[in-house]
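**Q** Here you go, one structure.
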Amino acid sequence: MAKVKLGDSYQLYKRIFSTYMTGYWKKFTISLIAMAVAAATEPAFARLMKPLIDKGFTDQDRTAMWATPLAVMVIFLIRAIAAYVNETTSTWLSGTIVEKMRTQMFQKLLRMPVQYYDDNNSGRMISRIVYDVTQITEAGFNIITVTVKDGLTIIGLLALLFYTNWQLTLFCFFTLPFVLVLVRILSKRLRRLNKNNQEQYGAMTQVVTEAVQGQKIVKLLDGLNYETSRFAESVRAIKDNNVRQSGTSSLNSGVSQFLVAVALSLILYFASTRSRANGFTAGDFVSFITAMIMIMQPMKRITNVTQSLQRGLASAESVFSFLDEHEEVDNGEHKISKVTGDIQINNLVFKYPSSERNVLDDINLEIKAGETVALVGSSGSGKTTLANLIPRFYTPQSGVIKLDGVELNSLSLQSLRDQIALVSQEVVLFNDSVYNNISYGSNSSFSEEEVHNAARLANALEFIEQLPQGFATQIGENGTRLSGGQKQRLAIARAILKNAPILVLDEATSALDNQSEKLVQEALDRLMANRTTLVIAHRLSTIQHADKIVVMEQGKIAETGRHDELLAKNGVYASLYNIQFKA
């Protein structure tokens with residue numbers, strides 16, 4: 001769908017209905033009809049006051065005395081049924097739209113490039129899906145209800161007023177220009193305040209997320225007061241903004257209602273002084289006043305709809321600006337089922353958008369199939385960035401990376417990433433069972449025997465069998481119920497099960513105790529067998545037997561060779577080695 005101009009209110013709501021209401025127009029039509037029926041009962045009730053007063057009370061007409069109350073009961077019964085149909089259908093429709101939009105946004109989020117996650121606040125990403133979507137539908141259906149039901153109610157009551165006494169009714173219209181000017185002025189402020197509200201909810205979500213994820217650091221470093229003050233500041237900002245929103249909306253509503261009340265007062269005065277001259281009966285007067293009183297509530301909702309409208313439009317801008325973001329580029333048409341793992345990197349240059357210099361500069365490297373190549377160097381030398389370019393998490397500014405002689409850009413992302421397994425220091429696990437974490441992403445592809453065998457090869461089977469429900473045990477958020485070594489072995493089991501020809505190990509044993517490291521290293525040795533392995537390591541003791549060690553310094557390759565060769569050169573690698581083992 002073409003990107004809409006975000007300031008165009010009509011286009012925003014047109015996009016909502018044309019995209020998300022497809023297939024639901026029958027239910028929407030039923031909802032509109034129910035609204036119209038409910039709206040028609042309002043003037044019908046006001047009109048019944050005339051025969052009730054003129055014939056029932058004044059003329060003592062017995063038919064009118066029992067027929068009119070019965071008609072009132074019928075009207076309210078019809079109104080109740082119409083309201084029920086309207087509420088259930090509109091709630092179903094709004095819930096369905098929320099479901100579709102949230103699903104679309106979540107899928108979009110998963111398809112965004114890694115750079116998007118680097119550049120954007122995670123709390124704001126979450127609040128878009130959780131908060132903004134509901135604001136769109138709530139505002140949208142609130143506006144529809146007010147526009148259709150209250151609009152038709154107002155039209156019907158105005159028609160009754162004109163029919164009863166058109167001269168008095170004309171007094172109603174002198175307030176309209178003032179109300180319209182007021183709404184126009186205040187709507188701009190409401191739109192701005194609603195945008196602020198979205199940003200503030202994103203900031204609050206971010207504070208909560210960071211406090212929950214970093215709760216151990218918060219406790220150890222006595223950060224309770226600091227985090228509390230951060231949260232209190234974000235909550236206070238939301239409160240202050242809500243107060244401003246409420247004040248603006250109340251001003252809009254209050255002034256509008258005052259203008260209507262002025263008109264009503266004038267009408268009451270002229271109706272009472274001129275009733276005889278105009279042939280205005282008591283029933284006409286009661287019917288007219290009833291209609292005037294009844295018209296106040298729908299007019300109040302009409303004047304209040306501006307806040308809902310601006311809230312919905314601000315949320316729609318937020319949601320559609322995200323949906324219109326460019327997804328991860330996947331122009332590769334070539335699909336590969338299995339590769340040997342030969343990697344060639346030629347004249348590679350990469351720079352992050354926020355960096356002042358190249359993170360990788362003129363990198364040339366050949367990794368033969370089945371080789372174990374270690375990337376070493378100080379922090380910020382570009383090791384992890386180079387590894388991230390192989391699965392195309394980022395796109396280099398220039399240069400070429402080839403896999404088995406085929407440029408990565410010509411491969412489809414899915415087929416490329418099917419060839420790569422990753423085990424990193426920061427293990428990512430899900431709040432699910434042990435079994436589902438090992439077989440993650442391919443539950444239907446592997447047998448139970450294959451999953452158990454992968455756990456055995458990863459030295460994980462013993463501790464898994466000791467868990468309360470074995471493979472069915474829920475491990476908590478990011479594996480909080482497991483030790484670091486246990487989590488690492490689950491990640492290795494996942495990589496073993498994937499059986500990809502290329503393996504990336506990013507500091508896979510750096511944070512483990514000696515016993516855990518031994519178990520993990522044994523599992524890694526099994527995993528690395530007959531695979532092209534790229535190892536990122538700070539601890540040089542773990543990569544001394546690598547086929548090739550690539551020493552990186554300030555984004556460039558400083559040295560390449562085996563452990564003994566690099567020590568003999570007495571260069572950068574030897575300096576790093578001496579710092580670690582002779583300090």
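The values are calculated or read from the model by the stated rules, or taken from the named source; none is laboratory data. If you're wondering where the values come from, they're calculated on a predicted model, not measured in any experiment. With ideal geometry, Cβ positions are generated from the backbone for all residues, glycine too; neighbour counts draw on all protein chains shown. Calculation scope for accessible area: heavy atoms of the full protein, side chains included, ligands and nucleic acids excluded. Shrake-Rupley method; radii C 1.70, N 1.55, O 1.52, S 1.80 Å.
**Q** Of all residues in region 468-481, which are assigned to a loop (DSSP other than H, G, I, E, B), under 14 Å from Asn436 (Cβ atoms), at pLDDT below 90 and not β-branched (Val, Ile, Thr)?
**A** From region 468-481, those assigned to a loop (DSSP other than H, G, I, E, B) are 468-469, 473, 475-476, 480-481; that's our starting set.
When the remaining residues are screened for being under 14 Å from Asn436 (Cβ atoms), the result is 469, 473, 475-476.
After this cut, where a residue has to be at pLDDT below 90 as well, the list is 475-476.
Answer for region 468-481, where residues must be assigned to a loop (DSSP other than H, G, I, E, B), under 14 Å from Asn436 (Cβ atoms), at pLDDT below 90 and not β-branched (Val, Ile, Thr): just Gly476.
**Q** If the requirement is being farther than 17 Å from Ala387 by Cα, of a type outside the set (Asp, Glu), open to solvent by 50 Å² or more (accessible area, probe 1.4 Å) and not in a helix (DSSP H, G or I), which of these qualifies: Gln515, Gln580, Gln544?
**A** Values: Gln515 fails: not in a helix (DSSP H, G or I); Gln580 fails: not in a helix (DSSP H, G or I).
It is Gln544.
**Q** Which of the numbered conditions does Gly140 fail, given that it passes all the others? Conditions: (1) over 22 Å from Ala39 (Cβ atoms); (2) crowded, with 16+ Cβ neighbours inside 10 Å.
**A** Tallying (1) over 22 Å from Ala39 (Cβ atoms); (2) crowded, with 16+ Cβ neighbours inside 10 Å, Gly140 fails exactly one: (1).
Each row is one residue, and each column tells you yes or no for (1) touching a residue at least 60 places away in the same chain (Cβ under 8 Å); (2) in a loop (DSSP other than H, G, I, E, B).
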residue: Ala369; (1), (2): yes, yes
residue: Ser381; (1), (2): yes, yes
residue: Ile401; (1), (2): no, no
residue: Val423; (1), (2): yes, no
residue: Phe430; (1), (2): no, yes
residue: Asn437; (1), (2): no, no
residue: Glu449; (1), (2): no, no
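**Q** Given the condition of a type in the set (Ser, Thr, Tyr) and in contact (Cβ under 8 Å) with a residue 40 or more places away in the chain, answer yes or no: does some residue in region 331-344 qualify? Quick ask: steps written out before the conclusion?
**A** Going residue by residue through region 331-344, those that are of a type in the set (Ser, Thr, Tyr) are 337, 340.
Then keep just the ones that are in contact (Cβ under 8 Å) with a residue 40 or more places away in the chain; that gives 337, 340.
Yes: one or more hits.
Rundown of residues vs (1) at pLDDT 70 or above; (2) under 30 Å from Thr169 (Cα atoms), yes/no style:
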| position | (1), (2) |
| --- | --- |
| Val212 | no, no |
| Thr228 | yes, no |
| Ser246 | yes, no |
| Gly254 | yes, yes |
| Ser265 | yes, yes |
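**Q** Suppose the filter is modelled with pLDDT under 75, surrounded by fewer than 18 Cβ atoms within 10 Å (Cβ to Cβ) and over 18 Å from Ser127 (Cα atoms); does Gly223 pass it? Steps first, answer last, please.
**A** On the way: modelled with pLDDT under 75: yes; surrounded by fewer than 18 Cβ atoms within 10 Å (Cβ to Cβ): yes; over 18 Å from Ser127 (Cα atoms): yes.
Against the criterion (modelled with pLDDT under 75, surrounded by fewer than 18 Cβ atoms within 10 Å (Cβ to Cβ) and over 18 Å from Ser127 (Cα atoms)), Gly223 qualifies.
**Q** Give the residues of region 300-358 that are hydrophobic (A, V, I, L, M, F, W, C), open to solvent by 50 Å² or more (accessible area, probe 1.4 Å) and under 20 Å from Ala387 (Cβ atoms), sorted by residue number.
**A** Within region 300-358, the subset hydrophobic (A, V, I, L, M, F, W, C) is 302, 305, 309, 313-314, 316, 319-320, 322-323, 329, 336, 339, 343, 345, 348-350.
Restricting the remaining residues to those that are open to solvent by 50 Å² or more (accessible area, probe 1.4 Å) gives 302, 309, 329.
Within region 300-358, Val329 is the sole residue that qualifies.
**Q** Now for a separate question. Could you please find all residues in region 330-367 being part of a loop (DSSP other than H, G, I, E, B) and on the phi > 0 side of the Ramachandran plot?
**A** Restricting attention to region 330-367, the residues satisfying the condition of being part of a loop (DSSP other than H, G, I, E, B) are 330-333, 335-342, 351-359.
Gly341, the sole residue that qualifies.
**Q** Can you pull out every residue in region 319-360 that is among the small types (Gly, Ala, Ser), more than 21 Å from Lys402 (Cα to Cα) and at pLDDT 85 or above?
**A** Start the filter on region 319-360 by keeping residues that are among the small types (Gly, Ala, Ser), which leaves 321, 332, 337, 341, 354-355.
Right, trim to more than 21 Å from Lys402 (Cα to Cα) and you get 321, 354-355.
Result: Ser321, single match.
**Q** Output the residues belonging to region 308-364 that are polar (S, T, N, Q) and under 30 Å from Ser253 (Cα atoms). So that I can check it myself, show each step before the final result.
**A** Narrowing region 308-364 to residues polar (S, T, N, Q): 308, 310, 315, 318, 321, 331, 337, 340, 344, 346-347, 354-355, 358, 364.
Correct list: Ser308, Gln310, Ser315, Ser318.
**Q** Consider only pairs whose beta carbons are under 7 Å apart and that are at least six residues apart or on different chains; among these, list those whose first residue lies in region 520-547 and is more than 17 Å from Gly561 (Cβ to Cβ) and whose second residue is part of a helix (DSSP H, G or I) and among the basic types (Lys, Arg).
**A** Val520/Arg489; Ala523/Arg489; Ile536/Lys383
**Q** Which of the residues that make up region 136-185 are in contact with a Gly (Cβ under 7 Å, 6 or more places away or on another chain) and modelled with pLDDT of 80 or more?
**A** Ile136 - this is the single residue of region 136-185 that is in contact with a Gly (Cβ under 7 Å, 6 or more places away or on another chain) and modelled with pLDDT of 80 or more.
**Q** Further question: I'd like to verify a number: residues in region 391-411 that are out of contact with any strand residue (DSSP E or B) (no Cβ under 7 Å at 6 or more places or on another chain) and either among the aliphatic types (A, V, I, L, M) or under 23 Å from Lys351 (Cα atoms) (or both), how many?
**A** Of region 391-411, the ones out of contact with any strand residue (DSSP E or B) (no Cβ under 7 Å at 6 or more places or on another chain) are 392-393, 395, 404-405, 409.
Narrowing further to those that are either among the aliphatic types (A, V, I, L, M) or under 23 Å from Lys351 (Cα atoms) (or both): 392-393, 395, 409.
Selection size over region 391-411: 4.
**Q** Kindly evaluate Arg539 against the criterion of being of a type in the set (Lys, Arg) and either modelled with pLDDT of 90 or more or closer than 30 Å to Ala574 by Cα (or both).
**A** Numbers: of a type in the set (Lys, Arg): yes; either modelled with pLDDT of 90 or more or closer than 30 Å to Ala574 by Cα (or both): yes.
Considered against the rule, which asks whether it is of a type in the set (Lys, Arg) and either modelled with pLDDT of 90 or more or closer than 30 Å to Ala574 by Cα (or both), Arg539 comes out as yes.
**Q** Any idea which residue in region 562-577 is modelled with the lowest pLDDT, counting only those that are under 24 Å from Asn358 (Cα atoms) and surrounded by fewer than 21 Cβ atoms within 10 Å (Cβ to Cβ)?
**A** Within region 562-577, the first condition is being under 24 Å from Asn358 (Cα atoms), and the residues that meet it are 571-573, 576.
From what is left, the residues that are surrounded by fewer than 21 Cβ atoms within 10 Å (Cβ to Cβ) are 571-572, 576.
Values: Gly571: 89, Val572: 90, Leu576: 86.
Only one residue tops the list, namely Leu576.
**Q** Filtering region 55-70 down to residues that are out of contact with any Lys or Arg (no Cβ under 6 Å at 6 or more places or on another chain) and open to solvent by less than 30 Å² (accessible area, probe 1.4 Å), which residue is modelled with the highest pLDDT?
**A** Looking only at region 55-70, we keep the residues that are out of contact with any Lys or Arg (no Cβ under 6 Å at 6 or more places or on another chain), and these are 55-60, 62-63, 65-70.
Pick out the ones that are also open to solvent by less than 30 Å² (accessible area, probe 1.4 Å) and you get 56, 68.
Numbers: Gly56: 57, Thr68: 72.
The extreme case among them is Thr68.
**Q** Moving on. Which pairs turn up if I take residues in region 93-112 that are within 11 Å of Val130 (Cα to Cα) and look for partners that are buried (at least 16 other Cβ atoms within 10 Å of the Cβ) and aromatic (Phe, Trp, Tyr) with beta carbon separation below 7 Å, at least 6 apart in sequence or on another chain?
**A** From residues that are within 11 Å of Val130 (Cα to Cα), the pairs are Met101/Tyr20; Met105/Phe322.
**Q** From the residues in region 101-119 that are open to solvent by 60 Å² or more (accessible area, probe 1.4 Å) and of a type outside the set (Lys, Arg), which one is nearest to the chain's Cα centre (by Cα)?
**A** Residues of region 101-119 open to solvent by 60 Å² or more (accessible area, probe 1.4 Å): 102-104, 106-107, 110-111, 117-119.
Of the ones still in play, those that are also of a type outside the set (Lys, Arg) are 103-104, 106-107, 110, 117-119.
Values: Thr103: 9, Gln104: 9, Phe106: 6, Gln107: 10, Leu110: 11, Tyr117: 13, Asp118: 16, Asp119: 16 Å.
Looking at the filtered set, the residue picked out is Phe106.
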